[in-house]
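For reference, the structure discussed in these notes is given below.
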């Protein structure tokens, strides 16, 4: 059973003070080597998204890392899909628009896969259902001495929820590994709904689609698995097949394992359970919050902190009636999947425990 420390927003105490208490009680300073570089991994928000983590919260964590003797840099990797984050230059511009600059967070802003699209290869020896044989970790993250994973906990269309495991498994790797993970859930086409408008063809960032007999066809070798076709189709003709979302979760857990193989004993996790929107920070807009803001959690166990975050969302007062009340895994049910697949896979891989003690702080 792992310890997960919880700062409850309902207590009415300053969140900045709560973060200081969490950092101390969860022993996060123990993972930071003196004078060692610390990759502060987070999502800085898609252009147009407004529910990403506020820079002041990240600044607080950065300052605590400095006090512990570390040398932090704030980082993320580029996205597969077109938008404001699919190149290092565009991501840095989007980050600045969203308030993430060195002056605001007191640390350099680094795009971890800039200048090295290959990354550092890590062999994968996984459990049944994983098709990954290799994970390529973004080199600037891999070569850090320590990893601090700061996560906005929210819903996600393809995995039920986006938490610390996805922040590592998808967020710490280069595009080739992102593509490899998504190959298990490339959207399928219901031709009966397609009107042949070609919007999916025009929007495909890799040129993998073309029209034939007034229907889109796909070159799987070119497809990056970004699902732009699904999200842009006005006819809703694309869909995810049975078990595809669960298979993606299995891949994410394995990719997270590859990342943590480098940072055993030198990784800490902070989950912000606030602005719990149905969609992730990649979406603009990401939807209205589903539950009241809950609080912040910290742990050295990435599986336990995810399970505790899910449980707290399940118990939180609903805003409106958009999710199923009184049932476990609200976010998974909202998106037609079992969110626990990624957690159970991660547990099998030895990343942590589903059993936890929730310890109030602050």
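The values are calculated or read from the model by the stated rules, or taken from the named source; none is laboratory data. This one's a predicted model, so the numbers in the text were calculated from it and none came from an experiment. Reconstructed Cβ throughout: ideal geometry from the backbone, glycine too, with neighbour counts over all protein chains shown.
Which fully enclosed strands (runs of 3 or more DSSP E) of segment 1-108 have 1 or more residues being free of Cβ contacts under 8 Å to residues at least 40 places away in the same chain?
71-76
Which of (1) outside the structural domain of residue 146 (by TED's automatic domain parsing); (2) free of Cβ contacts under 8 Å to residues at least 24 places away in the same chain; (3) out of contact with any strand residue (DSSP E or B) (no Cβ under 8 Å at 6 or more places or on another chain) is the odd one out, the single condition residue 264 does not satisfy?
The number of the failed condition is (1).
Condition first: part of a loop (DSSP other than H, G, I, E, B) and more than 27 Å from residue 82 (Cβ to Cβ). Now tell me which residues in segment 232-280 satisfy that.
242, 243, 263, 264, 265, 266, 274
For the list (1) assigned to a loop (DSSP other than H, G, I, E, B); (2) in contact with a helix residue (DSSP H, G or I) (Cβ under 6 Å, 6 or more places away or on another chain); (3) not assigned by TED's automatic domain parsing to the domain that holds residue 21, I need the number of the one condition that residue 226 fails.
For residue 226, the exception is condition (2).
Considering each residue of segment 163-188, count those that are touching a strand residue (DSSP E or B) at 6+ places or on another chain (Cβ under 7 Å) and either surrounded by fewer than 22 Cβ atoms within 10 Å (Cβ to Cβ) or assigned to a loop (DSSP other than H, G, I, E, B) (or both), and give that number.
Final tally of qualifying residues: 7.
Here are the criteria: (1) under 30 Å from residue 312 (Cα atoms); (2) at pLDDT 95 or above. Tell me which single one residue 1 does not satisfy.
Result: residue 1 fails condition (2) only.
If you check 50, 65, which single one turns out to be over 30 Å from residue 208 (Cβ atoms) and under 17 Å from the mean Cα position of the chain (by Cα)?
50
Taking segment 306-322 as the region of interest, how many residues are crowded, with 21+ Cβ neighbours inside 10 Å and modelled with pLDDT under 95?
0
Can you find a residue in segment 189-201 that is surrounded by 21 or more Cβ atoms within 10 Å (Cβ to Cβ) and either farther than 30 Å from residue 36 by Cα or over 22 Å from the mean Cα position of the chain (by Cα) (or both)?
yes
Considering 338, 293, which residue is farther than 28 Å from residue 128 by Cα, surrounded by fewer than 20 Cβ atoms within 10 Å (Cβ to Cβ) and either in contact (Cβ under 8 Å) with a residue 24 or more places away in the chain or out of contact with any helix residue (DSSP H, G or I) (no Cβ under 7 Å at 6 or more places or on another chain) (or both)?
From the options 338, 293, the qualifying one is 293.
Would it be correct to say that residue 136 is touching a strand residue (DSSP E or B) at 6+ places or on another chain (Cβ under 6 Å), in contact (Cβ under 8 Å) with a residue 40 or more places away in the chain and in a strand (DSSP E or B)? Don't jump to the end; show me each part of the working.
Numbers: touching a strand residue (DSSP E or B) at 6+ places or on another chain (Cβ under 6 Å): yes; in contact (Cβ under 8 Å) with a residue 40 or more places away in the chain: yes; in a strand (DSSP E or B): yes.
So residue 136 passes the test.
When you scan segment 151-161, how many residues do you find that are surrounded by fewer than 24 Cβ atoms within 10 Å (Cβ to Cβ) and either assigned to a strand (DSSP E or B) or on the phi > 0 side of the Ramachandran plot (or both)?
0
Each row is one residue, and each column tells you yes or no for (1) within 15 Å of residue 268 (Cβ to Cβ); (2) surrounded by fewer than 17 Cβ atoms within 10 Å (Cβ to Cβ).
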site	(1), (2)
2	yes, no
17	no, yes
28	yes, no
32	yes, no
44	no, no
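Identify, please: which residue in segment 71-103 is surrounded by 19 or more Cβ atoms within 10 Å (Cβ to Cβ) and farther than 27 Å from residue 208 by Cβ and is, among those, farthest from the chain's Cα centre (by Cα)?
72
Evaluate segment 154-163: report whether one residue or more is over 14 Å from the mean Cα position of the chain (by Cα) and in contact (Cβ under 8 Å) with a residue 60 or more places away in the chain.
There is no residue in segment 154-163 that is over 14 Å from the mean Cα position of the chain (by Cα) and in contact (Cβ under 8 Å) with a residue 60 or more places away in the chain.
Take the conditions outside any helix (DSSP H, G or I), under 21 Å from residue 51 (Cα atoms) and in contact with a helix residue (DSSP H, G or I) (Cβ under 8 Å, 6 or more places away or on another chain) and apply them to residue 358. Does it pass?
On the way: outside any helix (DSSP H, G or I): yes; under 21 Å from residue 51 (Cα atoms): no; in contact with a helix residue (DSSP H, G or I) (Cβ under 8 Å, 6 or more places away or on another chain): yes.
Against the criterion (outside any helix (DSSP H, G or I), under 21 Å from residue 51 (Cα atoms) and in contact with a helix residue (DSSP H, G or I) (Cβ under 8 Å, 6 or more places away or on another chain)), residue 358 does not qualify.
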